[in-house]
Amino acid sequence: MTLTLFTNGTLFTGHTYVGRVGAVVVRDSLVEAVLPPGADLPDLPDGRVVDLAGGLLTPGFVDAHVHAVQGGLELLRCDLSGLDRRDDYLRAVKDYADAHPELEWITGGGWSMSAFPGGAPTKDDLDLVVPDRPVFLPNRDHHGAWANSRALELAGITRDTPDPADGYFERAADGSPTGTLHEGAMHAVARLLPEITAKDLRDGLLAGQARLHSVGVTGWQDAIVGDYAGITDPGPTYAEAARAGDLTAYVVGALWWDRDRGTEQIADLVARRAHYTHGRFRATSVKVMQDGVPENGTASMTVPYLDRCGHPTANAGHSFVDPAVLKEAAPALAALGFQIHVHAIGDSAVTETLDALEAIGADDADLRHHVAHLQFVRPDDRPRFGRLGVAANLQSLWACLDDQMVDLVLPAVGPERAAWQYPWAALQAGGARLVSGSDWPVSTPDPWQALHVAVNRVHPGDDREAFLPEQSLTLETALASYTSGSAWVNHRDDAGVIAPGMVADLVVHDRDPFQGPAARIAETRVVSTWVEGVPVHEA
């Protein structure tokens, strides 16, 4: 029997901020007691005292939408995620290529669209630093990729190559490809990439897990467990790690819905769920990517995008899954016990998703379906989340006036739709259950960065005005969405809350952000992360 006392700090229970406590007592893997200030503490002949030093103790963060293996792989490859400028990207690519002359392809990713005119970098830039080997680098949101001339040549992509139905190639005036591939066009090059080995995937999972633990994440939902745009299905890797005892987090895998197939794939999903699920990994969700992103004009909208002069275009984006197929698939998946997890960014995609989930009926309320991203949500759709019992999966870091929003999104949507973005307060007011995730490696996995924006609607360190501040959340509500809320959506009813009898998935923070100004929330850092009463990260 192991006893651990967390003392000398404040407590957020997963639902409410209670302030100063005497101690949180953990026996083995469970919380045994929450003692008030001044209470007698139990003897610890063989136990451990964790001095919070005035900091905050919270439940472990649960990331409800993340790509942990992919994020880990990018950390181990040409990682551009910490940079923001064209010249820095090119320098990093050159340095990586020079340091790895043995590699047939240069892969990695993490560049920002806002660093390039129109969000589209060119092959000519990459040719300057890597002229002799193919380069393929997905951007941060993984809805586009940057390729050099050698990669395009190997793929046979020319001015005569037609755009795929679910994406497009950026082109020069004469029709020749310029080096940026959007959505389904990525596959034209990704299909040629060297095979990702089992060891690569294992290394990626362990690197990703370590990174997530370092920012307080004790569990997550992997939002693509399948083959997609150069991503190799990480399901077997998770299952192997769970069997070996190397998976220290609790993870739900969202099995990838192949948008080129229909309901005939459901039997395959059932088989994969049974094959992959083991121990701390459960492949019990299905991920549908209903549309793309507004930055490249592929998020599905009810009204077409605008051109740079404010005039309507002929493009209203893409619904990657036929709404009729989605409406047929949703009840069939629910009947087999699958949770449904949908990427929906454009307002049309959100409506199509809610229509499909409404077709299920009320018999599967405990499956806890959720819709991620929710950038554009029409006012008449907002109360439907609460009415249908569909959770809103928030990526709050994006709900601000960053360069990508100002340069690429706002000009393309106009003022009315701009005001529909990331309506967190309205969703909460309509009765929606809020859960949160990072979408790492699309953006940082650090929950405190996202929580900062959820409260302030301003990116940490930015002096721009708050973006739609009426849609901000309180810190208590935002933090609950990232702890008890996301634990709930992952069916972890024994975690996400600090109370007697609950699993001791805990995070120690270096300060109490409830006691400081909201403008400094993002400065909060993780001191240690605990899963079932065992430290998995100590700074």
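List pairs: first residue in segment 1-30 and modelled with pLDDT of 95 or more, second residue acidic (Asp, Glu) and in a strand (DSSP E or B) anywhere in the structure, Cβ distance under 9 angstrom, at least six positions apart or on different chains.
6/51; 7/51; 8/51; 9/51; 24/32; 25/32; 26/32
Quick check on my filter: what residues within segment 115-142 are in a helix (DSSP H, G or I) and surrounded by fewer than 19 Cβ atoms within 10 Å (Cβ to Cβ)? Working first, answer last.
Looking only at segment 115-142, we keep the residues that are in a helix (DSSP H, G or I), and these are 115, 117-119, 123-129.
Hits for segment 115-142 are 117, 118, 124, 125, 127, 128.
Considering only segment 480-533, how many residues are of a type outside the set (Lys, Arg), in contact (Cβ under 8 Å) with a residue 40 or more places away in the chain and more than 24 Å from residue 460 (Cα to Cα)?
Count: 22.
Residue by residue through segment 275-306, note down the ones that are acidic (Asp, Glu) and modelled with pLDDT of 95 or more. Reasoning before the result, please.
Step one: of segment 275-306, the residues acidic (Asp, Glu) are 291, 295.
Across segment 275-306, the qualifying residue is only 291.
Test residue 65 against the stated conditions and say whether it is closer than 18 Å to residue 447 by Cβ, under 24 Å from the mean Cα position of the chain (by Cα) and not assigned by TED's automatic domain parsing to the domain that holds residue 508. Let's see the steps before the verdict.
Working: closer than 18 Å to residue 447 by Cβ: yes; under 24 Å from the mean Cα position of the chain (by Cα): yes; not assigned by TED's automatic domain parsing to the domain that holds residue 508: yes.
Criteria met by residue 65.
Name the single residue that is farthest from residue 115 (Cα to Cα) among those in segment 259-300 being β-branched (Val, Ile, Thr) and within 20 Å of the chain's Cα centre (by Cα). Let's see the steps before the verdict.
Just the residues of segment 259-300 that are β-branched (Val, Ile, Thr), to begin with: 263, 266, 270, 277, 284, 286, 288, 293, 298.
Subsequent filtering for residues that are within 20 Å of the chain's Cα centre (by Cα) retains 284, 286, 288, 293, 298.
Details: 284: 38, 286: 34, 288: 29, 293: 17, 298: 19 Å.
Of everything passing the filter in segment 259-300, 284 is farthest from residue 115 (Cα to Cα).
Would you check which residues across segment 12-24 are surrounded by fewer than 23 Cβ atoms within 10 Å (Cβ to Cβ) and not in a loop (DSSP other than H, G, I, E, B) and list them?
17, 18, 19, 20, 21, 22
Take the residues in segment 216-248 that are farther than 22 Å from residue 491 by Cα and hydrophobic (A, V, I, L, M, F, W, C), then tell me which one is surrounded by the most Cβ atoms within 10 Å (Cβ to Cβ).
Filtering segment 216-248 for residues that are farther than 22 Å from residue 491 by Cα and hydrophobic (A, V, I, L, M, F, W, C), the one surrounded by the most Cβ atoms within 10 Å (Cβ to Cβ) comes out as 229.
Taking residue 68 as meeting all but one of (1) modelled with pLDDT of 95 or more; (2) surrounded by 23 or more Cβ atoms within 10 Å (Cβ to Cβ); (3) farther than 24 Å from residue 199 by Cα, write down the number of the exception.
(3)
Could you tell me whether segment 143-152 includes any residue that is at pLDDT 95 or above and part of a loop (DSSP other than H, G, I, E, B)?
Yes, that holds for at least one residue.
Tell me yes or no: at least one residue of segment 492-505 is assigned to a strand (DSSP E or B), over 21 Å from the mean Cα position of the chain (by Cα) and surrounded by 21 or more Cβ atoms within 10 Å (Cβ to Cβ). Let's see the steps before the verdict.
Restricting attention to segment 492-505, the residues satisfying the condition of being assigned to a strand (DSSP E or B) are 503.
Those still in the list that are over 21 Å from the mean Cα position of the chain (by Cα) too: 503.
Still in the list and also surrounded by 21 or more Cβ atoms within 10 Å (Cβ to Cβ): 503.
Within segment 492-505, one or more residues are assigned to a strand (DSSP E or B), over 21 Å from the mean Cα position of the chain (by Cα) and surrounded by 21 or more Cβ atoms within 10 Å (Cβ to Cβ).
Please go through segment 311-341 and pick out each residue that is part of a strand (DSSP E or B) and either in contact with a Ser or Thr (Cβ under 7 Å, 6 or more places away or on another chain) or within 23 Å of residue 224 (Cβ to Cβ) (or both). Lay out the reasoning, then the answer.
Residues of segment 311-341 that are part of a strand (DSSP E or B), as a first pass: 312, 339-341.
Selection gives 339, 340, 341.
Of the numbered conditions (1) surrounded by 23 or more Cβ atoms within 10 Å (Cβ to Cβ); (2) of a type in the set (Gly, Ala, Ser); (3) closer than 17 Å to residue 10 by Cα, residue 487 satisfies every one except a single condition; which is it?
(3)
Might you let me know whether segment 288-308 holds any residue that is more than 21 Å from residue 182 (Cα to Cα) and not small (Gly, Ala, Ser)?
Pass one, segment 288-308, residues more than 21 Å from residue 182 (Cα to Cα): none.
Within segment 288-308 (the criterion being more than 21 Å from residue 182 (Cα to Cα) and not small (Gly, Ala, Ser)), the answer is no, since none of the residues qualifies.
Just the residues that are closer than 24 Å to residue 142 by Cβ and assigned to a strand (DSSP E or B), please, taken from segment 283-310.
Taking segment 283-310 as the starting set, the residues that turn out to be closer than 24 Å to residue 142 by Cβ are 283-301, 305.
283, 284, 285, 286, 287, 288, 289, listed by residue number.
Considering only residues that are more than 30 Å from residue 247 (Cα to Cα) and assigned to a helix (DSSP H, G or I), which ones fall in segment 160-209?
To start, the set of residues in segment 160-209 that are more than 30 Å from residue 247 (Cα to Cα) comprises 160-189, 192.
Result: 184, 185, 186, 187, 188, 189.
How about segment 77-109: which of its residues are closer than 18 Å to residue 151 by Cα, not in a helix (DSSP H, G or I) and not aromatic (Phe, Trp, Tyr)?
77, 78, 100, 101, 102, 103, 104, 106, 107, 108, 109
Kindly indicate which of 57, 41 is touching a residue at least 12 places away in the same chain (Cβ under 8 Å) and not in a strand (DSSP E or B).
On the way: 57 fails: not in a strand (DSSP E or B).
Going through 57, 41 in turn, the sole match is 41.
The values are calculated or read from the model by the stated rules, or taken from the named source; none is laboratory data. The shown structure was predicted, so the numbers you read here are calculated from the model rather than taken from an experiment. Quick reminder, even Gly has a Cβ in these numbers, built from the backbone with ideal geometry, and neighbours come from all protein chains shown.
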